[in-house]
Amino acid sequence: MPEPTKTDLLVLRKLLVELPADQPLPRELRWGLGRLISWASFRITRALTREQIRYQRQHVVGIFIQQYIAQHGKKRGSKKYAYGEAAKELTGPYAGSWRVMQDDYLFEQHAPSDDPRSVRYRETLERRAREADEKRARARRAR
């Protein structure tokens, strides 16, 4: 679950402050507050792992890449911009330099996914299946 960023919290606060007191919460505000509460209850008792820190950094860099592409209409330069902005945005255990953001983003992008549609994951499963078949065939020959 991605940790909310300072910008996310400021947007939620702005929506909440601008809402008249006699109106029900809009859907996006209710969703954002619910997500924030879920994250807080999830996070309270857990110590951060290296994987969680790397995932959060990758998530924030991805958001800034999308933002850059939306603003400028091109991908070129988006990663450099995103690494720098993520380094400025993230604080606490997630803080890091431009280079750290780049390393963690690239690591997460190339890490095998648990998604069965992922090519790398499928290739890993096929390789393991071939190795298991070869092992069974050797065991049969040894009998």
(request) Being among the polar types (S, T, N, Q), surrounded by fewer than 11 Cβ atoms within 10 Å (Cβ to Cβ) and outside any loop (DSSP other than H, G, I, E, B) is the filter here, so list the residues in the stretch 9-61 that pass it. (result) SER41
(message) Among (1) charged (D, E, K, R); (2) part of a loop (DSSP other than H, G, I, E, B); (3) modelled with pLDDT of 90 or more, there is one condition ARG117 misses while meeting the rest; what is its number?
(response) (3)
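Determine if the stretch 68-81 includes at least one residue that is assigned to a loop (DSSP other than H, G, I, E, B) and touching a residue at least 24 places away in the same chain (Cβ under 8 Å). Break it down stepwise before answering.
Going through the stretch 68-81, the residues assigned to a loop (DSSP other than H, G, I, E, B) turn out to be 73-77.
Next, from what is left, pick out any that are touching a residue at least 24 places away in the same chain (Cβ under 8 Å): none.
Among the residues of the stretch 68-81, not one is assigned to a loop (DSSP other than H, G, I, E, B) and touching a residue at least 24 places away in the same chain (Cβ under 8 Å), which makes the answer no.
Does PHE64 meet the test of being outside any loop (DSSP other than H, G, I, E, B), surrounded by 11 or more Cβ atoms within 10 Å (Cβ to Cβ) and modelled with pLDDT under 90? Before the answer, list the steps.
On the way: outside any loop (DSSP other than H, G, I, E, B): yes; surrounded by 11 or more Cβ atoms within 10 Å (Cβ to Cβ): yes; modelled with pLDDT under 90: no.
When the stated conditions are applied, PHE64 does not pass them.
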(message) Any residue in the stretch 1-23 that is touching a residue at least 12 places away in the same chain (Cβ under 8 Å) sitting within a Cβ distance under 6 Å of a residue that is among the small types (Gly, Ala, Ser)? List the pairs, counting only those 6 or more apart or interchain.
(response) LEU12/GLY32
(message) Can you go through ILE69, ILE63 and tell me which one is of a type in the set (Val, Ile, Thr) and within 22 Å of ARG43 (Cα to Cα)?
(response) ILE63
(request) Could you please tell me which pairs satisfy a Cβ distance under 6 Å, a separation of 6+ or placement on different chains, a first residue in the stretch 88-105 that is among the polar types (S, T, N, Q), and a second residue that is assigned to a helix (DSSP H, G or I) and surrounded by fewer than 19 Cβ atoms within 10 Å (Cβ to Cβ)? (result) none
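The values are calculated or read from the model by the stated rules, or taken from the named source; none is laboratory data. What you are looking at is a predicted structure, and each value in this text was computed from that prediction instead of being measured. Backbone-built Cβ (ideal geometry, glycine too); neighbour counts: all protein chains shown.
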